[in-house]
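Colleague: Let me begin by handing over the structure; questions about it come next.
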Amino acid sequence: MNTSKTKDSYKIAVVPGDGIGKEVMKVTLEVLDALDIDFEYVYGDAGDECLEKNGTALPGETLDMIRDADACLFGAAGETAADVIVKIRQEMKMFANLRPVKSYPNTNSLFENIDFMIVRENTEGMYIADEEKYTDNGAVARRIITKEAEKRIIDYAFNYAKENGKSKVTAVHKANVLKKTDGLFKEIFYEVAESYPDIATEDFYVDATAMYLITQPESFEVIVTTNLFGDILSDEGAGLVGGLGLIPSANIGRDGALFEPVHGSAPDIAGKGIANPIAMMLSAVMMLRYLSENEAADRLDAAILKVLSDAEVLTGDLGGSATTQELADEVKKYL
Ligand code: ATP
């Protein structure tokens, strides 16, 4: 994801947040420490507990800390999740949301051979708060597509494909109905594609894509799309590979990046030590790749795959009875 030279040490902003966020973060840091990379962790508060304690769900110091770090690992926030994450994304101008959709063995995945990345534009489209208003007889939302933001995300997707050995990028839109906004998106997609002659291209309507994700999910490698469509397709992708405990995500900007599991604080199981830490660990794998620590990323990914393949030490959500700590210890064994 990032071509910059590997550094000798990294400052990582660690924001465990609420509920199981704290539990999965603790063991993920243990696993990262077993990789022998020089990480300096700085800890920040955010989320529901932080709001109760400090009167704000996202203190300025936490934002500054994230801004100052090489990357941020985020656990989970409860009721305040939207405020916290949306604010961090906005403040840090994190324009790309990455959601890998990958099938692992012994999970609830509906298919065996899925491995693609959804690259979602994160700053415009239908999700601009100020562009949604009540009117005299209802409400209206404006959909914003700018050349600059769409070119930036499409270029990111092609570059991601190039750096990660992917051979095709699929643009997803609804240009037959949204002729101007998505017409422009599609036009920019093919313009940017000219700079990546080795990467194949295709484009589909979003409704067709929703179906293809079920009928031929193994055909996708990298999907790039606008904000709302990306939001919906990402969750469809999560459903394909089964289970919130397994799905990581990344938010990337020019000046910072944040890696977090897709699941929330899971109050129903918080404090019991039984949460599945794999989504958090796979978020750490994404962070390692962002930092160009690819060898360490491969090692951690392979160790997780080994634990899932053996299926001897699994947490309750995957049909096992292991604790969060036991699963993490098993991953460490294979590093
Ligand atoms: P929040 O309000 O923080 O979003 P939530 O419970 O509404 O919390 P999630 O935290 O995403 O939403 O959890 C949804 C369901 O999935 C819960 O039953 C939870 O226990 C389960 N779940 C989520 N993450 C994990 C995990 N890492 N391990 C095991 N179960 C999980």
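Colleague: Return the sequence-ordered ³J(HN,Hα) values of the range 208-213 in whole Hz as given by the Karplus equation 6.51 cos²θ - 1.76 cosθ + 1.60 applied to θ = phi - 60°, using x for Gly and Pro.
Modeller: Running phi through 6.51 cos²θ - 1.76 cosθ + 1.60 with θ = phi - 60° gives 5, 4, 4, 6, 4, 4 Hz.
Colleague: Any chance you could run the full-extension gain for residue 164 through residue 128? It's 0.36 nm times the residue separation minus the Cα-Cα distance, nm to one decimal.
Modeller: Full-extension gain reported as 9.8 nm.
Colleague: What is the set of long-range amide H partners of residue 200 at a cut-off below 5 Å, with H atoms built 1.01 Å from backbone N?
Modeller: 168, 169
Colleague: What is the sum of charges around residue 71, taking Lys and Arg as +1, Asp and Glu as -1, for the other residues whose C-beta is under 12 Å from the C-beta of residue 71?
Modeller: For residues surrounding residue 71, the net value is -2.
Colleague: While we're looking at this one, here's another question. What does the accessible area per residue of the chain come to in Å², with a 1.4 Å probe and no ligands, DNA or RNA counted?
Modeller: With all protein chains present, the chain gives 45 Å² per residue.
Colleague: Quick one: Karplus J couplings for the range 232-241, per residue in order, coefficients 6.51, -1.76, 1.60, θ = phi - 60°, nearest Hz, x for Gly and Pro?
Modeller: So the J values, rounded to whole Hz, are 5, 5, 4, 6, 5, x, 4, x, 5, 9.
Colleague: In what sequence, largest accessible area first, do 142, 89, 120 appear using a 1.4 Å probe?
Modeller: 142, 89, 120
Colleague: Collect residues whose amide H, placed 1.01 Å from N in the peptide plane, falls under 5 Å from the amide H of residue 42; neighbours closer than 5 in sequence don't count.
Modeller: 12, 13, 14
Colleague: Then there's this: Below 8 Å between Cα atoms, with a sequence gap of 6+, how large is the relative contact order for the range 177-335 in percent?
Modeller: 15 percent
Colleague: Leaving out same-chain residues fewer than 8 places away, which lysines sit with a Cα under 26 Å from that of residue 22?
Modeller: In chain and number order, the partners are 11, 53, 87, 93, 102, 272, 306, 332, 333.
Colleague: Report, for the chain, the % of DSSP beta bridges that are antiparallel, rounded to 5.
Modeller: Looking only at bridges with both residues in the chain, the antiparallel portion is about 45 percent.
Colleague: Given bins 10 angstrom wide, list per bin the percent of all Cα-Cα distances in the chain, short to long.
Modeller: Whole-percent P(r) values from 0 Å outward: 6, 26, 34, 25, 9, 1, 0.
Colleague: Please list 3J(HN,Hα) in residue order for the range 84-92, calculated via the Karplus relation 6.51 cos²θ - 1.76 cosθ + 1.60 where θ = phi - 60°; whole Hz, with x for glycine and proline.
Modeller: 5, 5, 4, 5, 4, 4, 5, 4, 8
Colleague: Further question on the same structure: Please give the net charge around residue 208, taking every other residue with its beta carbon less than 12 angstrom from that of residue 208, where Lys and Arg add +1 and Asp and Glu add -1.
Modeller: -2
Colleague: Please list the non-local residues whose amide H lies under 5 Å from the amide H of residue 274, H modeled 1.01 Å from N, same-chain partners needing a gap of 5 or more.
Modeller: 324
The values are calculated or read from the model by the stated rules, or taken from the named source; none is laboratory data. Being a predicted model, the structure only gives us computed values, none of them experimental. Heads up, the Cβs are rebuilt from the backbone with ideal geometry, glycines too, and the neighbour counts pull from every protein chain shown. Ligands, DNA and RNA are excluded from the accessible area calculation, which covers all protein heavy atoms including side chains. Shrake-Rupley method; radii C 1.70, N 1.55, O 1.52, S 1.80 Å.
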